[in-house]
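The values are calculated or read from the model by the stated rules, or taken from the named source; none is laboratory data. All values derive from a computational prediction rather than experimental measurement. Because the Cβ atoms are built from the backbone with ideal geometry, glycine has one as well, and the counts that use them run over all protein chains shown.
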Amino acid sequence: MQRNPIKNVIEHVDLILVRRGEKVTVEVPIRVIGNIAPDGMLEQQLVQISVEAEATNIPQGIDVDVEGMEIGSMVHAGDLVLPRGISLQADPEVLVLHVSSQTAAEPEAEAEAPEVPEAVDAARGEGEQAG
């Protein structure tokens with residue numbers, strides 16, 4: 001379905017005829033539930049995953065419980081708990097999410113900031129005083 005972003009009216013709808021029991025392959029969202037260890041940072045690699053389901057029984061999403069996951073923990077597509085009658089169409093080895101250390105991200109942020117030589121920094125200060 002397509003909506004006009006300004007007027008919020010429906011502009012286009014695709015209708016598909018399916019038979020009862022017919023299976024379709026669709027992308028469904030991955031929903032993260034719970035909280036990881038306090039010193040960790042959750043990195044979600046996939047926000048949706050390809051599954052095969054009956055056309056009349058497509059799940060709204062696949063829930064992933066991350067409650068208490070420690071640094072270094074990973075969830076692969078094959079680890080996902082799928083509802084009955086739903087089969088995974090993605091590679092079971094693909095990484096869905098993992099927990100990394102927050103401290104590992106901090107040095108990268110510092111390395112990205114360009115260093116300003118002290119002479120340039122001092123010259124900037126003098127120019128501001130004159131103006």
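Values for this structure:
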| quantity | calculated |
| --- | --- |
| Top-ranked residue of the stretch 77-99 - restricted to ones that are among the small types (Gly, Ala, Ser) and in a loop (DSSP other than H, G, I, E, B), ranked as surrounded by the most Cβ atoms within 10 Å (Cβ to Cβ) | Ala90 |
| Residue tally, condition without any contact (Cβ under 8 Å) to a residue 60 or more places away in the chain, within 20 Å of the chain's Cα centre (by Cα) and at negative phi, over the stretch 16-60 | 20 |
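Matching residues to (1) at pLDDT below 95; (2) loosely packed, with under 15 Cβ neighbours inside 10 Å; (3) touching a Gly at 6+ places or on another chain (Cβ under 8 Å):
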site: Asn4; (1), (2), (3): yes, yes, no
site: Leu17; (1), (2), (3): yes, yes, no
site: Thr25; (1), (2), (3): yes, yes, no
site: Met41; (1), (2), (3): yes, no, no
site: Ile71; (1), (2), (3): yes, no, yes
site: Val75; (1), (2), (3): no, no, no
